[in-house]
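Structure first, then comments.
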Amino acid sequence: MSALWLAIPTGAVVAVVVAVVVVDTGSIGTPAGVGQLAMAFAFGWAAAGLAWVVAVDRNTISGAPRDPDRSIESVWHDRAASGAFTDVLLVTGTAATVVSLTGFDMPASVALASVLVVAMGSFGLRYLVLRRRG
């Protein structure tokens, strides 16, 4: 039996319950029937997806790896994340030193966005290199 046969009705029931609670508490200002239908329709997909994730077991999926933590992609991910973390520490430490010595003023949002770009770029490049090497 497919997990969708369990997930879709479960998701529908959860969505209707959430819709009734949200509309009855007055959280949205639409008429009750319209609000409940809109909320149930909007939330139903997410609830069905969540129910499917909860209902599916690794043994029910054909071709799923028995131990996904030992796959080569997992090893690449771990190595890339470890190297990217080191890169972020190096770049932010160097940047903090330069900023404190020069008195350069930068908005916090720019600084945080820069750290995010460095982290994502470093991880992406490291992962691609590891994947190419095999």
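Observations, loosely collected:
- Single residue of segment 71-113 satisfying the filter (surrounded by 13 or more Cβ atoms within 10 Å (Cβ to Cβ) and among the aliphatic types (A, V, I, L, M)) that is farthest from Gly134 (Cα to Cα): Val99
- The sole residue among Ser27, Ser74, Ser2, Ser62 that is at pLDDT 80 or above and either in a loop (DSSP other than H, G, I, E, B) or not aliphatic (A, V, I, L, M) (or both) is Ser74.
- Selection status of Ala7, farther than 30 Å from Leu116 by Cα, surrounded by fewer than 12 Cβ atoms within 10 Å (Cβ to Cβ) and either at pLDDT 85 or above or out of contact with any strand residue (DSSP E or B) (no Cβ under 9 Å at 6 or more places or on another chain) (or both): no
Listed here are the residues, each with its yes/no results for (1) touching a strand residue (DSSP E or B) at 6+ places or on another chain (Cβ under 9 Å); (2) touching a residue at least 12 places away in the same chain (Cβ under 8 Å); (3) in the same structural domain as Val118 (by TED's automatic domain parsing); (4) not in a loop (DSSP other than H, G, I, E, B).
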position: Gly33; (1), (2), (3), (4): no, no, no, yes
position: Gly49; (1), (2), (3), (4): no, yes, no, yes
position: Ala80; (1), (2), (3), (4): no, yes, yes, yes
position: Thr86; (1), (2), (3), (4): no, no, yes, yes
position: Leu89; (1), (2), (3), (4): no, no, yes, yes
position: Ala96; (1), (2), (3), (4): no, no, yes, yes
position: Val99; (1), (2), (3), (4): no, no, yes, yes
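The values are calculated or read from the model by the stated rules, or taken from the named source; none is laboratory data. Since the model is a prediction, treat every value here as computed from it, not as a measurement. Heads up, the Cβs are rebuilt from the backbone with ideal geometry, glycines too, and the neighbour counts pull from every protein chain shown.
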